[in-house]
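Data block below; observations after.
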Amino acid sequence: MRKFVAHRAKRLISNATVSLNPHHHHHQSSLSSSNHYYYYYSSILPRFFTSDTSMASNNSTPPLTVDSLNPKVLKCEYAVRGEIVSLAQKLQQDLQANPGSHPFEEIIYCNIGNPQSLGQQPITFFREVLALCDHPNIIDRSETQGLFSADSIDRAWQILDQIPGRATGAYSHSQGIKGLRDTIAAGIEARDGFPADPNDIFLTDGASPAVHMMMQLLIRSENDGIFCPIPQYPLYSASIALHGGTLVPYYLDEATGWGLEISELKKQLEAARQKGITVRALVVINPGNPTGQVLAEENQRDIVEFCKKEGLVLLADEVYQENIYVPEKQFHSFKKVARSMGYGDKDIPLVSFQSVSKGYYGECGKRGGYMEVTGFSPEVREQIYKVASVNLCSNISGQILASLVMSPPKVGDESYESYSAEKDGILLSLARRAKTLEAALNSLEGVTCNKAEGAMYLFPRIVLPNKAIKEAESLKKAPDAYYAARLLNATGIVVVPGSGFGQVPGTWHFRCTILPQEEKIPAIVSQLTEFHKKFMDEFRD
C-alpha cells in the first residue's frame, strides 16, 4: 500500500511538472515556474493524501487511551511526587502570577529528600573536582591555582587519568569507570573492615535505577513476591508493580520505634506462601525511610540469618548511612554484618544500594549512585551485567561524585578542614532540625512522633476526628491525604500522606522532611501548630 501511494504521488508530481512546464527538459526553469510548481503541489498533495488517509482513519478510537496502556503502569503509584505535589506546583504558579493570592508567601517542599532545593550548599571540594574534570583545559592555568585547592586539582588529575580519553562527555564501561570503582571498593573496605571487589560495583544514575534493575531480574510473574517494610519508600511498591510482581508487606512496629520483628517476617512469609507466592527477596531500608529509625546490629544479624535460612536475596537500601543523629546508634552495613557472622561471598546473595543524593552531600540532581552485588553465581552476574549494558552507562558526573563520597579529603589534605566543617555543619544542623520538629509534632493534639534517629524524615501518627474522616471519605480521599491538602492550602507546607507509604490499616500518618533551612523551622512550627489547632477545632466530635 505504501509503495502504491508513493508511486501515485510521484506520477502526479511528474504529470504536474510536465503540464506546468512544457520545457521541463531545459535546466533554465524560471523562478515563476518554480512558484507555479510550489502552489500546485501544495494544493494537490494535501487533498491527495487526506482523501486516502481519511479512509484509514474512520475508526474514531484514538490509538492510545489510558485503558489501552500497560496495566502495570496504571497500577504503579509514587506518592512523594503525587497529587499533593501537583497541587503545590499549581499554588506556586498562582503566587508567582498573583503575589498575595494565598495566605502564605512561599511553598515549602517537605515532601522529598531534596536538600539543595531547600538551600543546602554543595560540598566545595566535590564541586571543585567536578568542575576541573569537566573542563580540564583550565587545570594548568596560573589563575586556577588561586581559585582551587591543591588537593582538588590533584584529585581531578587522578580521575581524568582513569577516564578513557580524559573525556567526561564520553560513554564509560557499563559498570562504570574502573578506576572509580577501585576507589569506591577501597572506601567500602575502609568503612567495613572487610574486602570489597571493584568488579562487584555497578555505578548507576542514583540508587533508583539499581533497584529497578534488581526487580527486573528477580520478578518473573505476579507469583513472585518481594518483601518490603510497611511503611516503605514508594520506589519499591512502584518498581514491583512496574515489573509485574507482588509486594509482600511486613509491618514495622511503631510502638517500639519502628522495630523490625523477625516473628512478623515469619508470619508474612508463611501467609504469602499459602497464597502460592514465591518470595524472592527482602528489602531493608536502614536508616529507615519514611520512618527514620536505625537498626541495631543484633537485629541486623537476625535479618541476615532469616534470609540465609529462607533462601532470600537481601536488598539493603543504605542510602542514608551518613545521616545518623543520635549518639547511641551507628550505621553498620549489612555486608559488614554478614561478613562478621562468618558468611562469605558465596554464602548469601546481598545487594547494597548507595546514592550521592542523600548523606550530607545531597547531590540529587547529579544522579550518582551504585550497587554492590555479592553472593551471586558468575552466570547470574553475567545477566546483571547484560541488563546494565542495555543502558550503556550511568552519567559520568554521578560516577565521579560517587567516588568522592566514598573517598573524601583525608587528614593532611589542604581541603580537609573546610570539608570537615561543611560536613559537620550540615549533619549537626539536620540533627537540631529533627529534634525541634519532633518536639513540635509531639506537642500537637492527637499526634505522636517517634524519634528521628537517622535519614531525613519524621513520620508522625495522627489521630483524626471522625468528622474529618467522614468529610475525607465524602470527597473520596484518604483521611491523611485530606489533612495534607488542607495543610498545604492553609500554610504552603507540602507533606506526603502516610497512605502513600503504607501503614497499619486504620492508622493515619504523614511524612515530613527535616530539610527546610534551620532559620525557617520556627515559622514552620508556628504555622503547623496554628493550622492543626484550627483543623481539630473544626472537626471536633
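The values are calculated or read from the model by the stated rules, or taken from the named source; none is laboratory data. Only a predicted model underlies this, so the values are computations on that prediction, with no experimental measurement involved. Cβ coordinates were reconstructed from backbone atoms using ideal geometry, including for glycine residues, and neighbour counts include every protein chain displayed. We work out accessible area using only protein heavy atoms, side chains counted, and drop any ligands, DNA or RNA first. Shrake-Rupley method; radii C 1.70, N 1.55, O 1.52, S 1.80 Å.
Taking region 390-427 as the range and being touching a residue at least 40 places away in the same chain (Cβ under 8 Å), among the β-branched types (Val, Ile, Thr) and closer than 30 Å to Ala170 by Cβ as the test, the residues that pass are Ile396, Ile400, Val405.
Any chance you could count how many residues in region 341-395 are in a helix (DSSP H, G or I) and of a type in the set (Ser, Thr, Tyr)? Selection size over region 341-395: 2.
Among the candidates Lys336, Lys358, Lys329, Lys366, single out the residue that is modelled with pLDDT of 95 or more and open to solvent by 10 Å² or more (accessible area, probe 1.4 Å). Please lay out each step first, then the result.
Working: Lys358 fails: modelled with pLDDT of 95 or more; Lys329 fails: modelled with pLDDT of 95 or more; Lys366 fails: modelled with pLDDT of 95 or more.
That would be Lys336, the only listed residue that is modelled with pLDDT of 95 or more and open to solvent by 10 Å² or more (accessible area, probe 1.4 Å).
With the requirement that a residue be in contact with a Ser or Thr (Cβ under 9 Å, 6 or more places away or on another chain) and among the small types (Gly, Ala, Ser), what does region 277-317 give you? Scanning region 277-317 gives a single hit, Ala316. Might you let me know whether region 369-377 holds any residue that is more than 17 Å from Met213 (Cα to Cα) and either open to solvent by less than 10 Å² (accessible area, probe 1.4 Å) or touching a residue at least 12 places away in the same chain (Cβ under 8 Å) (or both)? For region 369-377, residues more than 17 Å from Met213 (Cα to Cα) and either open to solvent by less than 10 Å² (accessible area, probe 1.4 Å) or touching a residue at least 12 places away in the same chain (Cβ under 8 Å) (or both): absent. Which of the residues that make up region 165-206 are at negative phi and modelled with pLDDT under 85? Within region 165-206, Ala167, Thr168, Gly169, Ala170, Tyr171, Ser172, His173, Ser174, Gln175 meet the criteria. Residues in region 177-207 that are open to solvent by 30 Å² or more (accessible area, probe 1.4 Å), in a helix (DSSP H, G or I) and without any contact (Cβ under 8 Å) to a residue 60 or more places away in the chain: Lys178, Asp182, Glu189, Ala190, Asn199.
Quick one: which of Arg486, Arg433 is farther than 30 Å from Glu264 by Cβ, at pLDDT 90 or above and surrounded by fewer than 22 Cβ atoms within 10 Å (Cβ to Cβ)?
Working: Arg433 fails: surrounded by fewer than 22 Cβ atoms within 10 Å (Cβ to Cβ).
When all the criteria are applied, what remains is Arg486.
Note on region 312-369: among residues that are within 21 Å of the chain's Cα centre (by Cα) and acidic (Asp, Glu), the one that is nearest to Asn114 (Cα to Cα) is Glu363. Please identify the pairs in which a residue from region 267-294 that is closer than 22 Å to Ala207 by Cα and touching a residue at least 60 places away in the same chain (Cβ under 8 Å) has its Cβ atom under 9 Å from the Cβ atom of a residue that is in a strand (DSSP E or B) and open to solvent by 40 Å² or more (accessible area, probe 1.4 Å), counting only partners at least 6 apart or on another chain. Final answer for the pair search is Pro287/Ile324; Val294/Ile324. In summary, Gly398 fulfils each of the numbered conditions (1) surrounded by 20 or more Cβ atoms within 10 Å (Cβ to Cβ); (2) in a loop (DSSP other than H, G, I, E, B) with the single exception of condition (2).
Restricting region 444-461 to residues that are among the aliphatic types (A, V, I, L, M) and surrounded by 24 or more Cβ atoms within 10 Å (Cβ to Cβ), the residue that is farthest from Lys533 (Cα to Cα) is Ala455.
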